[in-house]
Every structure is written in structure tokens, then in C-alpha cells.
Amino acid sequence: MSDAPVYRNLIGGTWHDAASGATFANRNPADTADVIGHFADSDERDVVAAVAAAQQAYASWRLVPAPKRAEILYRAGQLLIERKEACARDMTREMGKVLKEARGDVQEAIDMMFFMAGEGRRLHGQTTPSEMPNKFQMSVRQPLGVCALITPWNFPMAIPSWKMLPALITGNTVVIKPASDTPLSVYHLVQCLTDAGLPPGVVNIVTGSGSKVGEPLMRHPDVKVISFTGSTEIGSRVARVGAEGMKHVSLELGGKNPMIVMNDADLDLAVEGALWGAFGTTGQRCTATSRLIVQRGVAAELTARLAAQAAALTVGPGLDERNQVGPSINQGQLEIVERYVQIGMAEGARLVCGGAALRDGPYARGFFHQPTIFADVTRHMRLAQEEIFGPVLSIITVEDFDEAIDVANDVPYGLSSSIYTRDVNAAFRAMRDLYTGIVYINAPTIGAEIHLPFGGTKGTGNGHREAGQQVLEVFSEWKSVYVDFSGSLQRAQIDNN
Ligand code: NAP
């Protein structure tokens with residue numbers, strides 16, 4: 001074991017080694033010799049202890065007035081502002097994204113702190129007239145209990161904040177299992193909350209693998225909500241387990257996001273947008289632009305300009321601010337990217353840029369790959385259908401608007417989409433006809449803000465939305481309350497008809 005810090009599970013407000021005593025190392029994907037920390041390699045015993053602590057804390061936390069819960073979130077938001085740079089640097093070390101983007105990831109958690117704190121003084125329900133005289137009725141939100149949060153590595157702080165903060169403001173308690181590649185950012189997030197006065201047991205952290213921690217956590221009978229972000233493969237498993245246990249399940253899964261460029265588009269803007277959408281975060285965003293659907297009139301020029309500019313992107317460790325594209329998260333993800341390059345070649349797509357992993361010199365201890373673009377991709381190739389989650393962009397040429405929309409919608413996912421056009425009619429038709437949870441006009445497929453609902457259609461999820469006020473639906477249930485002050489029995493639907 002290296003002399004890097006050791007991080008224990010947070011259970012009931014105190015720090016605990018895994019019951020097994022085992023740990024795993026968290027390494028920098030830009031330099032695997034850099035060990036960021038050793039984390040508890042937990043199992044079901046730790047999960048049981050954490051859920052019990054969360055269940056116990058729930059009894060009092062649910063009764064704390066929501067505006068008082070909000071004060072803790074406000075204070076935590078202030079602390080996160082003070083710690084933003086340190087958190088961003090640690091995030092770049094553990095996840096690889098370039099520093100500018102890591103700062104954005106922390107900022108998203110700050111935004112969520114303040115947004116959800118504001119909800120503490122809203123959490124509106126309804127009052128509505130009764131059909132009876134002297135009767136009052138209203139609907140109120142109520143929490144559910146212990147929420148299991150299972151999060152991925154690509155937004156190591158933002159995604160946990162999207163789940164944790166709405167869960168807390170509505171009065172639930174939490175057990176979070178962070179992605180094994182990026183647990184430290186969750187520690188930083190939770191530390192802000194505990195330093196701000198969050199009572200013990202309201203948030204608990206258990207680190208370890210999906211099979212040894214994620215599985216028992218989502219199966220635990222005292223867990224009432226499972227909020228999962230990750231792959232469609234694991235997500236569908238979570239849905240099945242949740243159904244067996246009659247739990248509330250919210251899933252945010254994969255994407256295969258199209259950006260359409262019409263003949264009348266501002267090409268400078270489209271080139272800049274496609275580069276950012278496809279290669280920002282090394283293509284490891286669920287909303288990454290992975291298909292560029294281009295009308296024939298501009299296809300050749302756009303392809304040439306993009307290939308030249310993608311080849312000029314600087315690849316390297318994210319802590320060096322000159323670099324624009326960081327590493328893939330781990331060896332397995334890098335191999336997936338390499339495999340899809342081979343698949344693309346075998347399918348007959350035309351490689352116009354990149355295509356190779358970078359393993360020499362300064363890249364030797366990281367998981368780097370060249371920004372890669374394929375042209376002449378057709379809509380049913382695997383390149384055009386399957387999520388790659390790496391720096392690979394596929395260009396598909398179409399004849400007109402209708403074909404563009406048809407191709408855009410012709411994938412199993414429906415997270416984000418975009419169109420570049422100067423035709424306002426085309427823009428509005430696209431807003432209506434693109435079947436995705438998010439649509440951008442004259443911007444790439446990435447760049448969501450936290451106060452609008454986030455999520456997708458089809459294989460991207462199960463109909464829930466994160467962020468926005470809509471996320472409150474995941475973490476609360478409605479209770480309808482009828483108050484009869486007439487002093488007599490009044491039978492609805494009977495006595496007034
Ligand atoms: P993943 O392999 O599905 O893992 C996600 C989380 O689930 C991790 O914490 C993982 O733990 C855990 N897990 C793995 N197996 C499990 C099991 N059997 N039971 C319970 N938990 C289990 O996904 P990923 O590779 O981390 O993330 C990439 C995927 O997330 C992509 O498909 C991307 O599109 C999707 N994503 C979607 C959104 C969205 O909002 N739609 C946002 C971001 C990412 P370990 O880390 O220990 O394996």
C-alpha cells in the first residue's frame with residue numbers, strides 16, 4: 001500500500017474501515033503511478049450498518065423543517081465555493097477531465113446546493129376547493145425514507161449532488177455508493193455538508209464495487225428509493241431489482257446524441273460546437289455529441305474543417321491547463337474506444353482523423369487516445385448506434401431535414417440532440433420532432449443547466465427527470481389531506497348529487 005491517504009466509510013457520523021479490513025487504490029488515469037487514496041473495499045456488512053444508521057437518522061431528519069434543512073445546504077454551498085479549486089484539482093487527478101471542466105463540475109454542485117436550498121422554502125403543494133361545503137383539502141409532499149444513490153465516474157461531484165441534495169431537502173436520508181474510479185469527490189461534497197451541520201447518519205458513504213456494495217444496497221428492504229446513473233446494462237438490472245422490492249427507481253442511462261448541421265448553418269459555430277460536444281470531457285459525457293448528421297451541401301467542408309481542428313487539439317494530463325483533452329477513465333474504457341475504432345474500420349467507415357491510442361513518452365502511464373472522427377458512417381452501423389463513451393465522432397450525411405430528424409431519432413437512446421440552422425421554422429420543427437429529453441438550437445448536445453429537468457427518452461431512462469423542480473418527484477410522495485369542518489358526515493360523490 002502506498003502512503004496516500006486512507007478514506008473510510010462514513011456511517012452514522014463516524015469513520016469506519018470496511019468490515020473486511022480491505023481497501024482499494026484510487027489512481028490517476030493520466031498517470032497510474034499517482035495514487036490518490038485508499039478506500040474501503042466494503043461488502044454487505046458495511047451496507048447493512050449504513051442503512052441502519054440512515055434509518056435511525058430518518059426519524060428526526062424528516063421532522064426538521066425544510067427551511068432549516070435548507071440553511072445547512074446554503075452553508076455547505078458557501079463552503080464548497082471556498083473549496084472549489086482544491087476539489088477541482090482532486091477531481092482532475094481522480095477522473096482525468098481537464099481542470100477547467102472539473103471546476104465546472106464542482107460549480108454544478110454549488111449551483112445545486114443553492115437551488116435545492118431555495119426549494120426548502122417552496123416544496124409547494126396544492127389547495128383546491130372541495131365539492132362539499134365546509135371542507136378544506138390540500139396536497140403535501142412527504143419524504144420516503146432511506147435513499148440509495150449509485151453514481152458513475154464521469155461527473156464525480158455534480159451527479160452525486162443532483163441526487164443527494166433533493167433527497168435531503170425533502171427530508172430523506174441517504175446511503176451513497178460512489179463509482180470506484182472517483183470516490184474522493186463524493187467525500188469532498190459530503191464533508192461540506194457535515195461541516196455545515198448535517199446531523200450524523202443523514203448521509204452515509206460506503207465505497208466498494210458494484211457487485212459487493214451496489215447489489216446489497218439496492219436490495220436492502222429498508223431502502224425505499226434507488227437513484228442510479230450509469231450504463232443501460234446495469235440500469236436495467238437496477239430496474240428489475242427495484243421492481244421486486246416495490247421501490248421507487250430513477251434511472252439515468254446512456255446516450256447516442258446527434259447534432260444536425262443544415263446547409264444554412266453558421267459553419268464556424270457548428271465546427272466549434274461539434275469539437276466541444278464530441279471531445280469535451282474526452283467524449284465521456286452521457287450527453288456527448290457522438291453523431292454529426294450533416295446535410296450534403298456542407299458535409300465535405302465541415303468534415304475537412306473538423307478533421308483539421310480535432311487533430312490540433314492538445315491531448316494530455318488535465319492538470320496542465322494547456323491540454324484540451326484528458327485521458328479515458330481506465331484501461332477498460334480505453335480498450336472499448338480502440339475496439340470501436342476497429343469496428344468502424346471493419347464496417348467501412350472512413351477514418352479522417354486520429355484512430356490510435358497514445359502510449360509513448362508522456363502518455364506511457366495514462367489512458368490517452370487521439371480525438372477520432374469517422375466520415376461516411378451510415379445510420380445502422382454499430383458506430384452510429386452504440387454508445388462509445390470516448391473521443392470518437394461519427395459523421396453521417398443526409399439529403400434533407402426530414403431525413404436528418406429520422407436518422408437522429410433512429411437509435412435506442414433519447415438523451416440529448418441539437419440542430420444548427422438559421423431557419424426558424426426548421427428550428428421549431430426540430431424542437432417538436434427530436435424525440436430526446438433535451439434539445440439544443442445552435443449549440444452542441446452538452447451544456448445542461450441545473451434548474452431545467454435533465455434526462456432522456458427510450459433506453460436513456462425510465463421516465464424520471466433529475467435536476468429542475470421535477471427531481472423532487474423522485475424523492476417525495478404526495479399525500480392528499482381532506483379536512484371536514486362541517487360537523488357532519490359528508491359523502492363525496494353521493495351527498496351532493
Ligand atoms: P456503470 O458501470 O453502470 O456504473 C455506474 C455505477 O453503478 C457505479 O457506481 C458502479 O460501481 C455501479 N454498479 C456496477 N455494477 C453494479 C451492480 N451490479 N449493482 C449495483 N451497482 C452497480 O456505469 P459507468 O461506467 O460508471 O458510467 C458510464 C455510463 O453512465 C454511460 O453509459 C453513461 O452514458 C452513463 N451516464 C448517464 C448519465 C445520465 O444522466 N443519463 C450521466 C452520466 C453517465 P463501480 O464503479 O464500483 O463499478
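Points to keep in mind about this one:
- Scanning region 92-110 for residues that are within 10 Å of LEU319 (Cβ to Cβ) and not in a helix (DSSP H, G or I) yields a count of 2.
- Residue match in region 148-156 (condition: of a type outside the set (Ser, Thr, Tyr) and more than 12 Å from the ligand (Cβ to nearest atom)): no
- Selection from region 244-258 of residues that are near the ligand (Cβ under 8 Å from one of its atoms) and either within 15 Å of SER290 (Cα to Cα) or assigned to a loop (DSSP other than H, G, I, E, B) (or both): LEU253, GLY254, GLY255
- Pairs where the first residue, in region 433-460, is touching a residue at least 24 places away in the same chain (Cβ under 8 Å) and the second is part of a loop (DSSP other than H, G, I, E, B) and among the aromatic types (Phe, Trp, Tyr), C-beta under 8 Å, 6+ apart: THR457/TYR435; LYS458/TYR435
- Among the residues of region 475-496, not a single one is within 16 Å of the ligand (Cβ to nearest atom), of a type in the set (Asp, Glu) and closer than 30 Å to TYR58 by Cα.
- Check on VAL225, among the hydrophobic types (A, V, I, L, M, F, W, C), more than 14 Å from the ligand (Cβ to nearest atom), surrounded by 16 or more Cβ atoms within 10 Å (Cβ to Cβ) and assigned by TED's automatic domain parsing to the domain that holds TYR58: yes
- When restricted to residues that are touching a residue at least 12 places away in the same chain (Cβ under 8 Å) and among the charged types (D, E, K, R), region 288-335 contains 5.
- The condition of being polar (S, T, N, Q), outside the structural domain of GLY104 (by TED's automatic domain parsing), within 14 Å of GLY255 (Cβ to Cβ) and open to solvent by 30 Å² or more (accessible area, probe 1.4 Å) holds for only one of ASN425, ASN497, ASN409, that being ASN409.
- Across region 31-51, the qualifying residues are those that are open to solvent by 10 Å² or more (accessible area, probe 1.4 Å) and in a loop (DSSP other than H, G, I, E, B), and the one among them that is nearest to GLN331 (Cα to Cα) is ASP41.
- The conditions of being touching a Phe, Trp or Tyr at 6+ places or on another chain (Cβ under 9 Å), more than 16 Å from the ligand (Cβ to nearest atom) and not in a strand (DSSP E or B) are not met by LEU306.
- Those residues of region 55-81 which are part of a helix (DSSP H, G or I) and more than 16 Å from GLY197 (Cβ to Cβ), in sequence order: GLN55, GLN56, TYR58, ALA59, ILE81
- Filtered by the rule that a residue be farther than 15 Å from GLY235 by Cβ, in contact with a strand residue (DSSP E or B) (Cβ under 6 Å, 6 or more places away or on another chain) and of a type outside the set (Val, Ile, Thr), region 444-464 gives PRO444, ALA448, PHE454.
- Filter pass, GLU399 being within 16 Å of the ligand (Cβ to nearest atom) and in contact (Cβ under 8 Å) with a residue 60 or more places away in the chain: no
- Some residue of region 191-202 being open to solvent by 20 Å² or more (accessible area, probe 1.4 Å), at positive phi, away from the ligand (no atom under 15 Å from the Cβ) and more than 17 Å from the chain's Cα centre (by Cα): yes
- Qualifying residue in region 434-449 (condition: under 27 Å from ALA117 (Cα atoms), open to solvent by 50 Å² or more (accessible area, probe 1.4 Å) and either basic (Lys, Arg) or not assigned by TED's automatic domain parsing to the domain that holds GLU301 (or both)): yes
- Of all residues making up region 203-215, the number that are open to solvent by 20 Å² or more (accessible area, probe 1.4 Å) and more than 9 Å from the ligand (Cβ to nearest atom): 0
- Restricting ALA288, ALA300, ALA307 to residues that are modelled with pLDDT of 95 or more, surrounded by fewer than 19 Cβ atoms within 10 Å (Cβ to Cβ) and in the same structural domain as ARG350 (by TED's automatic domain parsing) narrows the list to ALA300.
The values are calculated or read from the model by the stated rules, or taken from the named source; none is laboratory data. Remember, it's a predicted structure, so these values are computed and weren't measured experimentally. Heads up, the Cβs are rebuilt from the backbone with ideal geometry, glycines too, and the neighbour counts pull from every protein chain shown. Accessible surface areas use protein heavy atoms only, side chains included; no ligands, DNA or RNA. Shrake-Rupley method; radii C 1.70, N 1.55, O 1.52, S 1.80 Å.
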